[in-house]
Amino acid sequence: RSTAEIFGVPIDKVTLEKAFNNFKMFMTDDKLSIITTPNTEIVMMANKDKELLEVLKNSNMNIPDGIGLIYASKIHNLEIPERVTGVDFMRKILEYCNDINGSIFILGGKPGVAQKACENIKKRFKNIEIKGFEHGYFNSEEEQIIIEKINKANPDVLFVALGAPRQEKWIYKNRKRLNVKVAIGVGGSVDIWAG
Ligand code: UDP
């Protein structure tokens, strides 16, 4: 793994293709892999938020989702090859899941949004198995039930859209309880799929 440090946050020096190869490797691993999609705002936030910094330091890949990170890389010669957006990366993951008959679960967004996103994804990618969805406005009691639901479904990929940095912290906090191969914070991408 090759990373560039920006304000102490390791950003993976990946192209979309390289990030995708890493993802495929994570899919062969038994334990959970965490992927985040930080932009400049998140990196600046982590500079002041120790918990967020710990999350980003302990994730398996932080893709450079933000043009500001690419500018910083150019100025400081950090060799981040290109911007890799969460939207593009999510589409790559969905294409892959379609190819291998993989399964997904979407957590987050306003009530109805994750469901609509799943319906649109299923229309576009017929071979993907939708294992479930939940909206992102839940209390701690409901959280327990949601985690049980995710684990019972046991999807390959869990997309989490609770807004940054809540989604990253949520995945990290629950990393030992989540029975999925890859969990990725995707923020607004789920809204885009919902249309
Ligand atoms: N969201 C959620 N629960 C929350 C806060 C946000 O499910 O408690 C969802 C929100 O509905 C939206 C997504 O997270 O679909 C991204 O939220 P936001 O635009 O606030 O975050 P950003 O895209 O700036 O990270």
query = Within the set of pairs 6 or more residues apart or between chains, which connect a residue that is within 19 Å of G112 (Cβ to Cβ) and among the small types (G, A, S) inside the range 149-164 to a residue that is outside any strand (DSSP E or B) and within 16 Å of the ligand (Cβ to nearest atom) with Cβ atoms less than 7 Å apart?
reply = A161/G109; A161/G136; A161/Q167; A161/V186; A161/G187; A161/S189; A161/V190; G163/G187
message = Yes or no: the range 95-106 includes at least one residue that is closer than 22 Å to I63 by Cα, under 12 Å from the mean Cα position of the chain (by Cα), assigned to a helix (DSSP H, G or I) and of a type in the set (D, E, K, R).
response = no
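So which of I34, I42, I11 is surrounded by 16 or more Cβ atoms within 10 Å (Cβ to Cβ) and assigned to a helix (DSSP H, G or I)?
On the way: I34 fails: assigned to a helix (DSSP H, G or I); I11 fails: assigned to a helix (DSSP H, G or I).
Answer to the selection: I42.
Residue by residue, here is whether (1) at pLDDT 95 or above; (2) hydroxyl-bearing (S, T, Y); (3) in contact with a Ser or Thr (Cβ under 7 Å, 6 or more places away or on another chain); (4) within 15 Å of A19 (Cβ to Cβ) holds:
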site: E54; (1), (2), (3), (4): yes, no, no, no
site: G66; (1), (2), (3), (4): yes, no, yes, yes
site: T85; (1), (2), (3), (4): yes, yes, no, yes
site: N101; (1), (2), (3), (4): yes, no, no, no
site: P111; (1), (2), (3), (4): yes, no, no, no
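Of these, S33, S2, which one is touching a helix residue (DSSP H, G or I) at 6+ places or on another chain (Cβ under 7 Å) and of a type in the set (S, T, N, Q)? Break it down stepwise before answering.
On the way: S2 fails: touching a helix residue (DSSP H, G or I) at 6+ places or on another chain (Cβ under 7 Å).
It is S33.
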note = Scanning the range 159-180 residue by residue, those outside any helix (DSSP H, G or I), under 12 Å from the mean Cα position of the chain (by Cα) and either more than 11 Å from the ligand (Cβ to nearest atom) or at negative phi (or both) turn out to be F159, V160, A161, L162, A164, P165
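F89 - would you say it is aromatic (F, W, Y), closer than 23 Å to P64 by Cα, more than 11 Å from the ligand (Cβ to nearest atom) and modelled with pLDDT of 95 or more?
Values: aromatic (F, W, Y): yes; closer than 23 Å to P64 by Cα: yes; more than 11 Å from the ligand (Cβ to nearest atom): yes; modelled with pLDDT of 95 or more: yes.
So F89 passes the test.
Among the listed residues K116, K131, K110, which satisfies the condition of being farther than 24 Å from N62 by Cα and away from the ligand (no atom under 12 Å from the Cβ)?
After ruling out the rest, the residue left standing is K131.
Condition check ((1) free of Cβ contacts under 8 Å to residues at least 40 places away in the same chain; (2) farther than 21 Å from V182 by Cβ; (3) surrounded by 18 or more Cβ atoms within 10 Å (Cβ to Cβ)) across all residues:
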residue: S59; (1), (2), (3): no, no, yes
residue: I67; (1), (2), (3): yes, yes, no
residue: I93; (1), (2), (3): no, no, yes
residue: P111; (1), (2), (3): yes, yes, no
residue: F133; (1), (2), (3): yes, no, yes
ask   = Conditions: (1) out of contact with any strand residue (DSSP E or B) (no Cβ under 9 Å at 6 or more places or on another chain); (2) away from the ligand (no atom under 16 Å from the Cβ). D156 meets all but one. Number of the miss?
value = (1)
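The values are calculated or read from the model by the stated rules, or taken from the named source; none is laboratory data. Computed from a predicted structure; not experimentally measured. No Cβ is skipped: glycine too gets one built from the backbone with ideal geometry, and neighbour counts run over all protein chains shown.
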